[in-house]
1. Quick one: how many residues across segment 259-277 are of a type outside the set (Lys, Arg) and more than 13 Å from PHE305 (Cα to Cα)?
2. Please specify each residue of segment 75-103 satisfying the condition of being more than 13 Å from the ligand (Cβ to nearest atom) and in a strand (DSSP E or B).
3. Could you list all residues from segment 126-155 that are at pLDDT below 95 and of a type in the set (D, E, K, R)?
4. What do you reckon, is ARG274 open to solvent by 10 Å² or more (accessible area, probe 1.4 Å), among the charged types (D, E, K, R) and free of Cβ contacts under 8 Å to residues at least 40 places away in the same chain?
5. Could you list, in sequence order, all residues of segment 252-270 that are more than 12 Å from the ligand (Cβ to nearest atom) and either at pLDDT 95 or above or in contact with a strand residue (DSSP E or B) (Cβ under 8 Å, 6 or more places away or on another chain) (or both)?
6. Being part of a strand (DSSP E or B) and within 15 Å of ASN196 (Cβ to Cβ) is the filter; apply it to segment 229-251 and report the residue that is farthest from the ligand (Cβ to nearest atom).
7. Which one is nearest to PHE252 (Cα to Cα), of the residues in segment 47-74 that are within 16 Å of the ligand (Cβ to nearest atom) and among the acidic types (Asp, Glu)?
Amino acid sequence: MPFINDQVAANKESIEVTNSPQRLSRFTFDPDSVMGMLRQSIVGQDEVLESVGDLLHFIKADIGEPTRPLAVCFFSGKTGVGKTQLAKLLAAALTGKADGLCRIDMNTLAQEHYAASITGAPPGYVGSKDGDTLFDKEKIAGSYSKPGVVLFDEVEKANSAVKRALLNIMDSGYLQLTAGNQSIDFRNSLILFTSNVGAKEIQSYQNRFDGGWRKALGLKPSRKKEVELFNQNFKSAFDPEFINRIDYLFSFNAITSDALPSLLAISIEDLKVRLSKKSVALTIEHEAKQLLLSKYNPEYGARDFVRRIRTYLEPRVARVMNNHPLAKELRVVVQNRAVYVILEGGLHSGSEIKDKH
Ligand SMILES: Nc1ncnc2c1ncn2[C@@H]1O[C@H](COP(=O)(O)OP(=O)(O)OP(=O)(O)O)[C@@H](O)[C@H]1O
């Protein structure tokens, strides 16, 4: 069965708009504003975002099957490329709450006996009467005007009992707890899975182009071969029953150096917002940005870059703030190939933090 995103792409040309009475969706989110926010926050994933736009319009129009979740999406890609970040931002935008996402880490459910935490304890066990599970029912249910959003992280690590429970959710929009007297309704939920499946194999294929004769000849990894590698690993990690119930497949790109300036800009903006709450303004000179950009190893994804910026820059800013409690404006500069945080106006003495890297 083709994925919905393929079908949408194929049908785009042929869909005709007819004059009809005004239709008001029960959902209050505006797909275009959500997309605007996502484009400002997620970098290097243009194809993914394009399909997210389709997904949002599909949900807003409320034309899905009423006996299934609103949509089932699978986010694939290597570590630290924005899968969880996109899930969190989507959840915040759709639910209107910063912590709107119900997140289940499948890694912790890898062993058979932990399956009870997803399906509820079997009769006779602790928790069986209450139907205790890892699910947050309110976040899953959402409300009449807001979808619920559920993320199953690292789904390939779930054991087969948990995967069977997931099939039920994807199929009928319900999870019957083992206790028997309770169920969880996912029919108003957007279901997201994340997985690193195939990422290692794609990375080692790409690494072959980093040196040797392939590099000398200017050869680049082929996208077709990468898709092939993903499909092989995807099919061996998941049963056809599972794959057939996925509506949207989002394949996240590795973060390349082209995306770094935008990623740096997002990190700086984020820091500035936090500093503004302490009445401090921050300016970062161009040379300092260039030096920060040079500290990236693409192997570890955007997460590594963002973490480096935080652990490199933020303690230096913090130290100057603590030493100068009245300082209102700070500047990040480069001198002798080292980053310094100084008080605006060049009050160097006692205000510099020397680059230790
Ligand atoms: N494409 C991106 N655009 C903007 N920020 C990103 C992107 N990718 C990663 N980040 C940053 O890196 C952090 C980690 O990314 P995220 O948690 O989304 O990784 P992931 O793809 O889910 O990886 P994993 O499979 O290891 O969970 C995010 O909190 C965010 O700050």
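The values are calculated or read from the model by the stated rules, or taken from the named source; none is laboratory data. Please read all numbers here as calculations on a predicted model, not as lab measurements. Cβ atoms come from the backbone with ideal geometry, glycine included; neighbour counts cover every protein chain shown. Protein only, heavy atoms only, side chains kept; ligands, DNA and RNA dropped before computing areas. Shrake-Rupley method; radii C 1.70, N 1.55, O 1.52, S 1.80 Å.
1. We begin by selecting, within segment 259-277, every residue of a type outside the set (Lys, Arg); these are 259-271, 273, 275-276.
When the remaining residues are screened for being more than 13 Å from PHE305 (Cα to Cα), the result is 269-271, 273, 275-276.
Number satisfying all stated conditions: 6.
2. CYS102, the sole residue that qualifies.
3. Answer for segment 126-155, where residues must be at pLDDT below 95 and of a type in the set (D, E, K, R): LYS129, ASP130, ASP132, ASP136, LYS137, GLU138, LYS139, ASP153, GLU154.
4. Details: open to solvent by 10 Å² or more (accessible area, probe 1.4 Å): yes; among the charged types (D, E, K, R): yes; free of Cβ contacts under 8 Å to residues at least 40 places away in the same chain: yes.
Answer is yes for this residue.
5. ILE268
6. The initial filter retains those residues of segment 229-251 that are part of a strand (DSSP E or B), namely 248-251.
Adding the requirement that they be within 15 Å of ASN196 (Cβ to Cβ) leaves 249-251.
Details: LEU249: 15, PHE250: 11, SER251: 12 Å.
So the residue we want is LEU249.
7. Top of the filtered list is GLU47.
Matching residues to (1) among the hydroxyl-bearing types (Ser, Thr, Tyr); (2) at pLDDT below 95; (3) open to solvent by 10 Å² or more (accessible area, probe 1.4 Å):
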site	(1), (2), (3)
LEU56	no, no, no
ASP62	no, yes, yes
GLU65	no, yes, yes
LEU70	no, no, yes
CYS73	no, no, no
THR79	yes, yes, yes
LEU86	no, no, no
LEU89	no, no, yes
CYS102	no, yes, no
